[in-house]
Structure formats: structure tokens, C-alpha cells
Amino acid sequence: MDLVIRNASLPDGRRGIDIGVLDGRIAAVEPALSAQGIREIDAGGDLVTPPFVDAHFHMDSTLSYGLPRVNESGTLLEGIALWGELKPQLEQEALLERALHYCDWAVARGLLAIRTHVDICDDRLLAVEALLEVKRTVAPYLDLQLVAFPQDGLLRSPGAFDKLKRAIAMGVDVVGGIPHFERTMAQGAESVRLLCEFAADKGLRVDMHCDETDDPLSRHIETLAYETWRLGLQGRVAGSHLTSMHSMDNYYVSKLLPLMKESGVAAIANPLINITLQGRHDTYPKRRGMTRVPELLAAGIDVAFGHDCVMDPWYGLGSGDMLEVAHMGLHVAQMTGQEAMRQCFLAVTETPARILGLEDYGIAPGCNADFVLLDARDPVEAIRLRAARRAVVRRGAVVAEAPRAAARLNLPGRPGAVDFRIER
Ligand code: FE2
């Protein structure tokens, strides 16, 4: 074997497992593997997980915080206005450098697949060109999937549909949209229909910013689910954000969720961002602003958590840590039961991998040898500690390493160090 991990725990609860890697693929997953590895790593009972996957990100704006100024109100609309100010000033080389810098952070965090929206409302399509080059550059160590995103509205922004089609022709993978930002509800619905028909015609996946508002009457997810069903796009469509669902009437949602299930539409919540952006017009009570994650899961609908933003016009924090995303999602959705916490871990690993359509993903013989050894015993502990990534493996090569988290103590009569773990 090229690499053997000894004594690992797996997300499904198996313990004492050895993982053998040969020629970039997982060759064996079993206790007490007899084969030796050229390199061996002792997991010491720690968790080995498939890589983190971010189902929703904006790489064209990442790490631009403060350019040309910071978002003083912290609102979504000031963020969009700020991005509009920055867009004409963007330079390809600087954008590319920021994106590559973020991908370095991602790899160090064990985040090896990202679906990023890329704004196509720019005659130059500068961000599209830059991110296509980033995609080619990082392909050996990170899977980047691009979504053609009409930030200023498909129908509202002149020529946006033509630019979106150009971006797809250039190699962008997924069809995006933003129906709640069109001029009227009717135009929002029209944009969904046009985009879904285009995707069906081209055989592409769809991922729309959908109903990212507190307005309970923003119901474009209904149209998105209906068009998905009508055009036979089941399993290839995701609705991102879906925050208006938190304010919708319960009766209406009781009809909406079965429609989404029937249509095979996935949901992508972005807890870090929507807990800060939504509810801004409220006094008190102040709405939480995340979609109905437990209810969606209970209806059998795939739900992933995305990071959405890191240090950009909308959000001044973040570091590419999907465990931080899961941690926030867990809190906002009050998913504190054991099974619910494990579902939050799946929302940043297996579920987004399914939504992106990643092939050969997982810890099983035949899968790509892509995985992360965490400084934690199980998924819940990993979320609790936002555990260090002891080793990040891509196609059998260790591409990042970090020390375990620990602190030395100088207290009389107390242990000399703590690692924040409880032995069970
Ligand atoms: Fe977004």
C-alpha cells in the first residue's frame, strides 16, 4: 500500500478500522489490515471522514473585505450594492490570487470540493475567466464546481441571459438564478422557468439563490420545484438559502415540502450568513432567518450547509472551516439531539457531495483516496471542537497537516495539559 491509516473511527460509528490506499484509491477498509504501507499514520482512534464539501460559496468575492469599503449596515442589500461598486474595479490577477489563497485555506481545513457561484452580470465576464483558470489550477487538489449566477437579476439586468449562456459555453458547470431579486414576483417565476428550461435543454444542474428574504410571500421555491418536476430534472436541482420559509405560514409549508420531495429538489442553507443577514427589518421578536432544516430533513429532502461568504462584502469573518458552518447550523436550527447533530455533520460532507454529483466519494474500497483525519473521536466531537485537521489526504497524498489542539497548563495540583476531550 502507498498509505495506511491505522485504528481510525468512521462517521458511521465503526471503530478500530485500518484504511489502505493504493494508486490514489482506497483499496481496503477493515480491522487489522495485514498489508504494510510505505507511509503509515496512527489515527489513535480518531475520526477519518470523507472530505468536507461546501455546497454554496462565492469565490469571486472572497477575501475582498474592505474593498472598496466595508459594509457598514451589515445588510444583504448594502452587500449587493457594495459588490456593484467593487465589480468594475476588479482585476483578473488580483481576483485569481484571492481565490487561490482561499483554496489554500480550504485544503488546510480538509475542504476538498466547493460549489461556487460566479457573477455573470459583467460584460467582461472577468470573474468567469478567472475562476475557470482557478478551477484548472486547483483540480489536482480541490474540485471546484462553478454556477453561472446572475447577481443583478436574469431579467432585471440587461443582457444577463446572454451572458449566462456565454459563461456556460465557456465551461461553467451549473445554471444559477436569483428570482427574488427580479422586479416582480411574476418576473421571478418567469426567470425560474427560463433557467430550468435552459438547464434541461443543456443537460445541466441548477442551483438558484431562492427566496433569500424574510418575506413569507416569496415563494419561488414552489416554482423551482414545479419546473424541476415538469422538466424531469429530479435530483439535479438545489434551492439555496430558502430563508423566506422560516416566515411562511405552516399550512402552506405543509403543502410545499411534499412538492419539494416529489420534485427531488435539495435545499442548501447558509447558517453563518443568514443568521446575520436576515431579520434586519425586525425589532423584537427577531426572526432567526434560516430555512426549516429539521422539517426539510424529516420530509426526506437533502439539506446541505454552505459557507456562502468569507471576508467579502456580505460577511467579514470566516476561514473556510465547514465545522464552524455545521456548528452554527446546529445552533440556529436547535438540532441538539445526537442524531440531529450527526445530520449536521452529514450536511457538510456526504449530503453536499450528493448534491454536487461528486463521483467515488466516501470511505469505501474503490473510492478516491480523499479523506481527513480529525482531532476528534466522532462527528459530534468534531463539531463541538471545530477539530484540527491532523491530516488531509487527496488521491493518497497528504496535502495538509496540523497539530492536535492542546494547551499547556501551569496550575498547582492540576494536569500539565488539556486537549478539551473526555475519554469515553
Ligand atoms: Fe449566496
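The values are calculated or read from the model by the stated rules, or taken from the named source; none is laboratory data. Not measured: the values here are computed from a predicted model. All Cβ positions, even for glycine, are placed from backbone atoms using ideal geometry, and neighbour counts span all protein chains on display. Note: accessible area is taken over every heavy atom of the protein model, side chains too, but ligands, DNA and RNA are not part of it. Shrake-Rupley method; radii C 1.70, N 1.55, O 1.52, S 1.80 Å.
Here are the numbers:
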quantity	calculated
Number of positions in segment 166-208 that are surrounded by fewer than 23 Cβ atoms within 10 Å (Cβ to Cβ) and part of a strand (DSSP E or B)	1
Scan of segment 327-356 for residues that are touching a strand residue (DSSP E or B) at 6+ places or on another chain (Cβ under 7 Å) and over 17 Å from Thr49 (Cα atoms), ordered by number	Gly329, Ile355, Leu356
Those residues of segment 135-149 which are part of a strand (DSSP E or B) and not aromatic (Phe, Trp, Tyr), in sequence order	Asp143, Leu144, Gln145, Leu146, Val147, Ala148
Residue that is nearest to the ligand (Cβ to nearest atom) [pool: residues in segment 135-146 that are open to solvent by 10 Å² or more (accessible area, probe 1.4 Å) and either free of Cβ contacts under 8 Å to residues at least 40 places away in the same chain or in the same structural domain as Val393 (by TED's automatic domain parsing) (or both)]	Lys135
Unique match (being within 19 Å of the chain's Cα centre (by Cα) and open to solvent by 20 Å² or more (accessible area, probe 1.4 Å)) among Arg287, Arg292, Arg280	Arg292
Test: residue in segment 93-106 that is part of a loop (DSSP other than H, G, I, E, B) and either at negative phi or within 16 Å of the ligand (Cβ to nearest atom) (or both)	no
Long-range neighbours under 7 Å by Cβ, at least six apart or interchain, first residue in the same structural domain as Arg25 (by TED's automatic domain parsing) within segment 378-394, second buried (at least 20 other Cβ atoms within 10 Å of the Cβ) and hydroxyl-bearing (Ser, Thr, Tyr)	Asp378/Ser9
Every pair of residues 6+ apart whose Cβ atoms lie under 6 Å, when the first sits in segment 307-318 and is in contact (Cβ under 8 Å) with a residue 24 or more places away in the chain and over 15 Å from Leu82 (Cα atoms) while the second is within 11 Å of the ligand (Cβ to nearest atom) and of a type outside the set (D, E, K, R)	His307/Phe57; Asp308/His56; Asp308/Asn270; Asp308/Ile273
Cβ pairs under 9 Å, 6+ apart, first in segment 112-125 and on the phi > 0 side of the Ramachandran plot, second open to solvent by 10 Å² or more (accessible area, probe 1.4 Å)	Leu125/Lys163; Leu125/Arg166; Leu125/Met170
Selected residue [modelled with pLDDT of 95 or more, polar (S, T, N, Q) and more than 22 Å from Leu323 (Cα to Cα)] from Thr116, Thr137	Thr137
Test: residue in segment 123-134 that is within 16 Å of the ligand (Cβ to nearest atom) and modelled with pLDDT of 95 or more	yes
From Val172, Val118, residue being within 16 Å of the ligand (Cβ to nearest atom) and under 17 Å from the mean Cα position of the chain (by Cα)	Val118
Conditions (1) among the aliphatic types (A, V, I, L, M); (2) buried (at least 21 other Cβ atoms within 10 Å of the Cβ); (3) at pLDDT 95 or above; (4) within 16 Å of the ligand (Cβ to nearest atom): number failed by Ile275	(2)
1 or more residues out of contact with any Phe, Trp or Tyr (no Cβ under 6 Å at 6 or more places or on another chain) and farther than 21 Å from Glu190 by Cα: qualifying strands (runs of 3 or more DSSP E) within segment 212-312	265-269, 303-305
Members of segment 71-89 that are touching a Leu at 6+ places or on another chain (Cβ under 8 Å), surrounded by fewer than 16 Cβ atoms within 10 Å (Cβ to Cβ) and assigned to a loop (DSSP other than H, G, I, E, B)	Gly74
Subset of segment 150-165 [in a loop (DSSP other than H, G, I, E, B), open to solvent by 30 Å² or more (accessible area, probe 1.4 Å) and in contact (Cβ under 8 Å) with a residue 24 or more places away in the chain]	Asp152, Leu155, Arg156, Gly159
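Okay, residues lined up against (1) on the phi > 0 side of the Ramachandran plot; (2) in a loop (DSSP other than H, G, I, E, B):
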position	(1), (2)
Asp360	yes, yes
Gly366	yes, yes
Leu373	no, no
Val380	no, no
Ile383	no, no
Ala387	no, yes
Ala391	no, no
